[in-house]
Amino acid sequence: MPPTNFDWARGYALQALSDLDTRDLLARLNAGKCHRLHFLQMAAEKTCKAHLIVASGYRNVKKSHAYVESVLPIIARQFYSMANDKNKIAKWEMEKIKNLAREIELLSPACDDGDARGDNSEYPWLDAQGNVQIPCQYRFSGIDDGSRDINRLIKLIRAASESYAGNA
């Protein structure tokens, strides 16, 4: 019997949880920011793919990295409502989530904003002045991965992954 959509969604969600656990371990060990962000980006992407598989089936999910910016806010609305007595998420909070989702998506080297952004958490790149930038030495000023906002987003990603994994 071939795997079901549930099997695929569960697989992505369980791997997302593993990525989050690794990100948390790296944070406790004060590992480089690029490594912490890399595992956050991978967890967010896999959670978004699990959501899309549940919504429209595995065959409709392409092998792309460009899902976080558009799908993570949808997940946020859904899980915020479930956790807060069906109340809607505040507009200001949704804007923060959208901004963080965009920055997280751009951490993938495959998502370079039409060549406008080279910074990514995985590979060296050339900056606008022609200098090689190295992820382990780069500041990634668009994301404070210790902030209250990012920690809330990580909790949301974890809750969604647990739900898609069948752990909720």
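Within the stretch 113-168, restricting attention to residues that are among the small types (Gly, Ala, Ser) and open to solvent by 60 Å² or more (accessible area, probe 1.4 Å), the residue that is nearest to ILE97 (Cα to Cα) is SER141.
In the stretch 15-34, the residues that are over 16 Å from SER147 (Cα atoms) and in contact (Cβ under 8 Å) with a residue 24 or more places away in the chain form Cβ pairs under 6 Å with partners that are surrounded by 15 or more Cβ atoms within 10 Å (Cβ to Cβ) and among the aromatic types (Phe, Trp, Tyr), at six or more places apart or across chains, as follows: ASP19/PHE39. Hey, does the stretch 36-49 have a residue that's surrounded by fewer than 20 Cβ atoms within 10 Å (Cβ to Cβ) and either under 30 Å from PHE140 (Cβ atoms) or not acidic (Asp, Glu) (or both)? The answer is no, given that none of the residues of the stretch 36-49 is surrounded by fewer than 20 Cβ atoms within 10 Å (Cβ to Cβ) and either under 30 Å from PHE140 (Cβ atoms) or not acidic (Asp, Glu) (or both).
Note on the stretch 1-34: among residues that are of a type in the set (D, E, K, R) and farther than 23 Å from LEU106 by Cβ, the one that is most open to solvent (accessible area, probe 1.4 Å) is ARG28.
Among the residues of the stretch 72-105, those identified as without any contact (Cβ under 8 Å) to a residue 24 or more places away in the chain and among the aliphatic types (A, V, I, L, M) are ILE74, MET82, ILE89, ALA90, MET94. Quickly run through the stretch 117-168 and pick out the residues that are in a loop (DSSP other than H, G, I, E, B), among the small types (Gly, Ala, Ser) and touching a residue at least 60 places away in the same chain (Cβ under 8 Å). Matches in the stretch 117-168: SER121, GLY146, ALA165, GLY166. Taken across the stretch 59-77, residues that are part of a helix (DSSP H, G or I), open to solvent by 70 Å² or more (accessible area, probe 1.4 Å) and over 21 Å from LEU100 (Cα atoms) do occur, with at least one present.
The values are calculated or read from the model by the stated rules, or taken from the named source; none is laboratory data. Just so it is clear, the model here is predicted, and its values are computed rather than measured. Methodologically, a virtual Cβ is constructed for each residue, glycine included, from the backbone with ideal geometry; neighbour enumeration extends over all protein chains shown. Quick note on the areas: whole protein, heavy atoms, side chains included, nothing else; ligands and nucleic acids left out. Shrake-Rupley method; radii C 1.70, N 1.55, O 1.52, S 1.80 Å.
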